[in-house]
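Only one structure is covered here, and it is reproduced in the block below.
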Amino acid sequence: MVKVRAFRTLENTIRRLGFNLVAGVDEVGRGCLAGPVVAAAVVLDPERYIPRICDSKTVTALERARLYDKITRGSITWAVAGADPTEIDTINIHQASLRAMQRAILSLVPLPDFVLVDAFRVPDLMMAQRPVVHGDARCTAIAAASIVAKVTRDRIMLELHARDPRYGFDRHKGYATRDHLDAVSRFGYSDVHRRSFRPPTLFDRMDA
């Protein structure tokens, strides 16, 4: 994995425009077959620099856990929210991801006055926002949110594995790996699988 450190340039520019509480927002779990999509919103403290924050996909699980602790202890405020498989199947993964991000943002105390979002605009926000393409790699606040969301979701998947170890959620966290697909082929979908996410090779072997 190639680590590319995110920068605070965009957040600092926005603060110079008069916005004080700048939140970064990101989500994880869009492409999974099982488990929730989880979003995080983080307002970093500009006076407490946290080194080595980068896109959660480019660091190891151990590094993510260490950064998670530093971010949650050192930020002004942070929050996580999610959408479960039933909601994902009902409204589709894109809308569920937007709802999860909106919930995370509105759970912040205090509320931010500007929001930086990885790639998308979040509907029905009362504060200013800006979508940032590849924001988790470019923007420190969004990268911090990606780490908090990833660690939170991975912990949820470990809990789901403890409840039902047949699918190996502890290894693949719900993504469509070969061993996950083999387990689905053997056991069918569980209650935490997304019924709207069906690999074509398994169409005829799924539980209803």
Problem set entry | Every pair of residues 6+ apart whose Cβ atoms lie under 6 Å, when the first sits in the stretch 83-99 and is closer than 13 Å to residue 31 by Cα while the second is assigned to a strand (DSSP E or B) and open to solvent by less than 30 Å² (accessible area, probe 1.4 Å) | 96/37; 96/83; 97/27; 97/37
Exercise. Conditions: (1) within 27 Å of residue 12 (Cβ to Cβ); (2) touching an Asp or Glu at 6+ places or on another chain (Cβ under 9 Å); (3) of a type outside the set (Ser, Thr, Tyr); (4) assigned to a helix (DSSP H, G or I). Residue 71 meets all but one. Number of the miss?
Worked result: (2)
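Is it the case that residue 25 is part of a strand (DSSP E or B), surrounded by 24 or more Cβ atoms within 10 Å (Cβ to Cβ) and among the aliphatic types (A, V, I, L, M)?
Yes, satisfied.
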For this session: Take the residues in the stretch 103-119 that are open to solvent by 40 Å² or more (accessible area, probe 1.4 Å) and within 13 Å of the chain's Cα centre (by Cα), then tell me which one is nearest to residue 36 (Cα to Cα).
Result: 103
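Looking only at the stretch 117-126, decide whether some residue is touching a Pro at 6+ places or on another chain (Cβ under 8 Å), outside any strand (DSSP E or B) and either among the acidic types (Asp, Glu) or at pLDDT below 95 (or both). Please lay out each step first, then the result.
First pass over the stretch 117-126, keeping only residues touching a Pro at 6+ places or on another chain (Cβ under 8 Å): 117-121.
Filter again for outside any strand (DSSP E or B), leaving 119-121.
Imposing the further condition that a residue be either among the acidic types (Asp, Glu) or at pLDDT below 95 (or both) reduces the set to 119-120.
Checked the stretch 117-126: at least one residue is touching a Pro at 6+ places or on another chain (Cβ under 8 Å), outside any strand (DSSP E or B) and either among the acidic types (Asp, Glu) or at pLDDT below 95 (or both).
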Problem set entry | Residue count for the stretch 1-38, restricted to those that are out of contact with any Phe, Trp or Tyr (no Cβ under 8 Å at 6 or more places or on another chain) and under 30 Å from residue 182 (Cβ atoms) | 8
Exercise. So which of 60, 72, 77 ends up being open to solvent by 50 Å² or more (accessible area, probe 1.4 Å) and either at pLDDT 95 or above or under 22 Å from residue 161 (Cβ atoms) (or both)?
Worked result: 60
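Could you check the stretch 131-187 for helices (runs of 4 or more DSSP H) lying wholly inside it with 3 or more residues that are of a type in the set (A, V, I, L, M), over 18 Å from residue 101 (Cβ atoms) and open to solvent by less than 60 Å² (accessible area, probe 1.4 Å)?
Details: elements: 135-138, 140-163, 169-172, 178-187.
The helices (runs of 4 or more DSSP H) meeting that bar are 178-187.
The values are calculated or read from the model by the stated rules, or taken from the named source; none is laboratory data. For clarity, every value in this text was computed on a predicted model and none was experimentally measured. Here the Cβ is made from the backbone with ideal geometry for all residues, glycine too, and neighbour counts use every protein chain on show. Only protein heavy atoms, including side chains, enter the accessible area calculation; ligands, DNA and RNA are left aside. Shrake-Rupley method; radii C 1.70, N 1.55, O 1.52, S 1.80 Å.
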